[in-house]
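The values are calculated or read from the model by the stated rules, or taken from the named source; none is laboratory data. In this text the structure is predicted, and so the values were computed from the model without any measurement. Methodologically, a virtual Cβ is constructed for each residue, glycine included, from the backbone with ideal geometry; neighbour enumeration extends over all protein chains shown. SASA here: full protein model, heavy atoms, side chains in, ligands and nucleic acids out. Shrake-Rupley method; radii C 1.70, N 1.55, O 1.52, S 1.80 Å.
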Amino acid sequence: MARDKARRTRKAAAPKVGFVSLGCPKALVDSERILTQLRAEGYLVAPSYEDADLVVVNTCGFIDAAVEESLEAIGEALAANGKVIVTGCLGAKGDIVRQAHPRVLAVTGPHATDEVMQTVHAHLRKPHDPYTDLVPPQGIKLTPRHYAYLKIAEGCNHRCTFCVIPSMRGDLTSRPIGDVIQEAEALVNAGVKELLVISQDTSAYGVDIKYRTGFWHGRPLKTRMTELAAALAGLGRDTPLWVRLHYVYPYPHVDEVIPLMVETRNKGKLLPYLDVPFQHASPRILKAMKRPASSENNLARIRRWRDICPALTIRSTFIVGFPGETEADFEQLLEFLEEAQLDRVGCFAYSPVEGAAANALPGHVPETIKEERKARFMALQETISAARLERKVGGMLTVLVDTVGAKGAIARSAADAPEIDGVVHVAPHASLKAGEFARVKIVSSDAHDLRGAVA
């Protein structure tokens, strides 16, 4: 009885929608767009399942662990609320969601704001006469106020054998460059200090529309990564701003971007940082993965990049234990790692993904060997990382403060992307404020992080 009364009270006010966002930064941007549309139409966002009139769960379906996490989240929302809309990558993988949770209201794939809103409207009345000024110009963001992800494209033209993303998100579809920069400008005007540029393949931005010329404030701009990077850095002319590039495939034209990082007008804005998913170094394994480029080309390119921009930070991810990987292939990967001296590295033991072509390849590696190789790989990288970070001790760095507490601040340097890289631990100081830049002297380091104090 009390529960029914509480429900009637909620419905007398604006309807409330609960939201669960899982997965990668690209999924996070999808969540932000749905939340922005919900608020634009006058819906409120509920802080808990019990306070919500229905719940939207944005899922991830890339690897088995992500599928399991998404299905558990859906089940939890159903148990606590009963009305659940499922969107995201898991929704694009056939009937998995319906088979596990037949009571969900609807299932959509990724980047499906319109479909989600249609389902919301069907099950929860649209608020009367919504006030669009309740929505800030930059939209609803799930990140801290001082940084934001900027998605420039959707989908991917590659057909890597370990990946099913193109089947879930489709081929590459680049956003108009004017729209991208307009969104970035709104974010900067709202106080964002760091733009993290993301897509499935940032280097391929504009390929699908043949690098068509777009316009921003009447100025012609080619839809291409080089021009986009320069334009985004230009937003920091009158305000402190970092622009960080993620998911950059090592195509030849990436070489054009490196000089922009050291130009005086861009320095400190277009960060000397590239997130490049090399994945492996053995030509035989790269071919089996259907990955572009070769390890020899990549090493030469890394050397050339660092000649132009000595401060360049390179992060990458690798897969060990891919089907057919021999000890010789793995040793070649370790040799590449030793020679490349990458700053930040992630490593995954190969995990079969439903629908991936690699599942049919011969020579699957036993789990024990996968984990043993992963441990050897990370032990080597830890040594490399510790040595590279130690070089920074005694120097000065500009950092962006993420949080401040009684024991000091957690901050990041130009070499540190949020959540995936290391941090800079800064000793307590009255001038430190979350979301603001600071100059610190580095006093010590370990394999992953730095420690410093305000100069």
A 25 angstrom limit on the alpha carbon distance is what I want to check against. Which of LYS151/LYS269; LYS93/LYS374; LYS222/LYS290; LYS193/LYS441; LYS141/LYS269; LYS93/LYS193 exceed it?
LYS93/LYS374; LYS222/LYS290; LYS93/LYS193
Share of carbon and sulfur in the accessible heavy-atom surface of segment 60-123 [1.4 Å probe, %]:
49
Log10 I(q)/I(0) at q = 0.11 Å⁻¹ for the chain, from Debye over equal alpha-carbon scatterers, is -0.99
Please work out the C-alpha center-to-center distance from segment 239-258 to segment 419-449 and express it in whole Å.
24
Going by Cβ distance under 4.7 Å, what cysteines of the chain have no possible disulfide partner?
CYS24, CYS60, CYS89, CYS156, CYS309, CYS347
Relative contact order, percent, the chain [alpha-carbon distance under 8 Å, six or more residues apart]
10
Compute the accessible area per residue over the chain, keeping the other protein chains in place, probe 1.4 Å, unit Å².
43
May I ask you to evaluate 6.51 cos²θ - 1.76 cosθ + 1.60, the Karplus curve with θ = phi - 60°, for each residue of segment 319-332 and list the ³J(HN,Hα) values in order in whole Hz, giving x for glycine and proline?
10, 10, x, 5, x, x, 5, 9, 4, 5, 4, 5, 4, 5
If one compares the long axis through the Cα atoms of helix 177-189 with the longest principal axis of the Cα atoms of the chain, the angle in degrees, nearest 10, works out at 80
Mind checking the dipole of segment 183-295: about its Cα centre, +1 per Lys or Arg Cβ, -1 per Asp or Glu Cβ, Debye to the nearest 20?
300
How high is the relative contact order of segment 321-444, in percent, with contacts defined as C-alpha pairs under 8 Å that are six or more residues apart?
24
I need to check one value: relative contact order of segment 173-249, counting alpha carbon pairs closer than 8 Å and at least 6 residues apart, in percent.
42
Pop out the ³J(HN,Hα) list for segment 47-60 in order, Karplus 6.51 cos²θ - 1.76 cosθ + 1.60 with θ = phi - 60°, rounded to Hz; leave Gly and Pro as x.
x, 8, 4, 5, 7, 8, 7, 7, 10, 9, 10, 8, 9, 10
Of the beta bridges DSSP finds with both residues in segment 110-268, what % are antiparallel, to the nearest 5?
40
With the full set of protein chains in place, find how many percent of the accessible area of segment 312-389 is carbon and sulfur; take the probe as 1.4 Å.
60
Accessible surface of segment 235-304 [probe 1.4 Å, protein heavy atoms]: carbon and sulfur percent:
54
Beta bridges per DSSP with both ends in the chain, % antiparallel, nearest 5:
40
Using alpha carbons only, how many angstrom separate the centre of segment 194-219 from the centre of segment 273-352?
26
Which angle between 0 and 90 degrees, to the nearest 10, do you get for helix 25-40 versus the longest principal axis of the chain when only C-alpha atoms count?
30
